[in-house]
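The values are calculated or read from the model by the stated rules, or taken from the named source; none is laboratory data. The shown structure was predicted, so the numbers you read here are calculated from the model rather than taken from an experiment. Positions of Cβ are backbone-derived with ideal geometry, glycine not excepted, and every protein chain shown enters the neighbour counts.
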Amino acid sequence: MRFSKTTDYALRIMVALAVAGEERLSLKALSRREHIPRKFLEHVIRILKDSGLLQSTPGPKGGYNLSQSSSLITVGQILQAVQGPLLPDERLDPENLPEHLKDPIERLRIVINDIRVFARQRLESVTLADLAKVGDLQEARDALMYYI
């Protein structure tokens, strides 16, 4: 799975806001802290705000914070807000294949669908709170570990 620059920045912004807790962060602070160009930051913030993941408070002491607890926002929600469906449908159309390939391609589609379901479940099970934990890195790795 590849992440675009927009997705990378969105995840970094959301983790920074999760770590900040109740503190609001300004565009200037986020840009400086996360090394994101201001114009690009404004674009990503707009996407996250329009999707309901962020809220803003205007004024001199305003800024951005999460719209709900970091334990309620999943990585899957962030990815879907930024890039659309987590794993789009594959393009293996059995109708345009020679007859001898239809069964193998159908079996491949089943495998791809299983992978898609697993990936979606995994992305929906990891929250911002999981990513934002500060402390022992080995403990965080153990908490996020999964087994096949």
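Hey, can you tell me all the residues within segment 57-83 that are without any contact (Cβ under 8 Å) to a residue 12 or more places away in the chain and either in a strand (DSSP E or B) or on the phi > 0 side of the Ramachandran plot (or both)?
G59
To keep it simple, each residue is scored yes or no on (1) modelled with pLDDT under 85; (2) touching a Cys at 6+ places or on another chain (Cβ under 7 Å); (3) surrounded by 14 or more Cβ atoms within 10 Å (Cβ to Cβ); (4) farther than 24 Å from S67 by Cβ.
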{"position": "P104", "(1), (2), (3), (4)": "no, no, no, yes"}
{"position": "R107", "(1), (2), (3), (4)": "no, no, no, yes"}
{"position": "V111", "(1), (2), (3), (4)": "no, no, no, yes"}
{"position": "I115", "(1), (2), (3), (4)": "no, no, no, yes"}
{"position": "Q121", "(1), (2), (3), (4)": "no, no, no, no"}
{"position": "L128", "(1), (2), (3), (4)": "no, no, yes, no"}
{"position": "D136", "(1), (2), (3), (4)": "yes, no, no, yes"}
{"position": "E139", "(1), (2), (3), (4)": "yes, no, no, yes"}
{"position": "Y147", "(1), (2), (3), (4)": "yes, no, no, yes"}
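Considering only residues that are in a helix (DSSP H, G or I), touching a strand residue (DSSP E or B) at 6+ places or on another chain (Cβ under 6 Å) and farther than 22 Å from A119 by Cβ, which ones fall in segment 2-50? Spell out the reasoning first.
In the first step, residues of segment 2-50 are kept if they are in a helix (DSSP H, G or I); the result is 5-20, 27-34, 38-50.
Next cut, touching a strand residue (DSSP E or B) at 6+ places or on another chain (Cβ under 6 Å) only: 17, 48.
Matches in segment 2-50: L17 only.
If you go through segment 1-20, how many residues are closer than 16 Å to G62 by Cβ and exposed (fewer than 15 other Cβ atoms within 10 Å of the Cβ)?
0
Only one of (1) at pLDDT below 70; (2) surrounded by 14 or more Cβ atoms within 10 Å (Cβ to Cβ); (3) farther than 30 Å from G21 by Cβ fails for L86. Which number is that?
For L86, the exception is condition (3).
Could you check segment 21-64 and list, in sequence order, the residues that are within 18 Å of the chain's Cα centre (by Cα), among the small types (G, A, S) and either surrounded by 13 or more Cβ atoms within 10 Å (Cβ to Cβ) or at pLDDT below 95 (or both)?
Hit for segment 21-64 is S51, nothing else.
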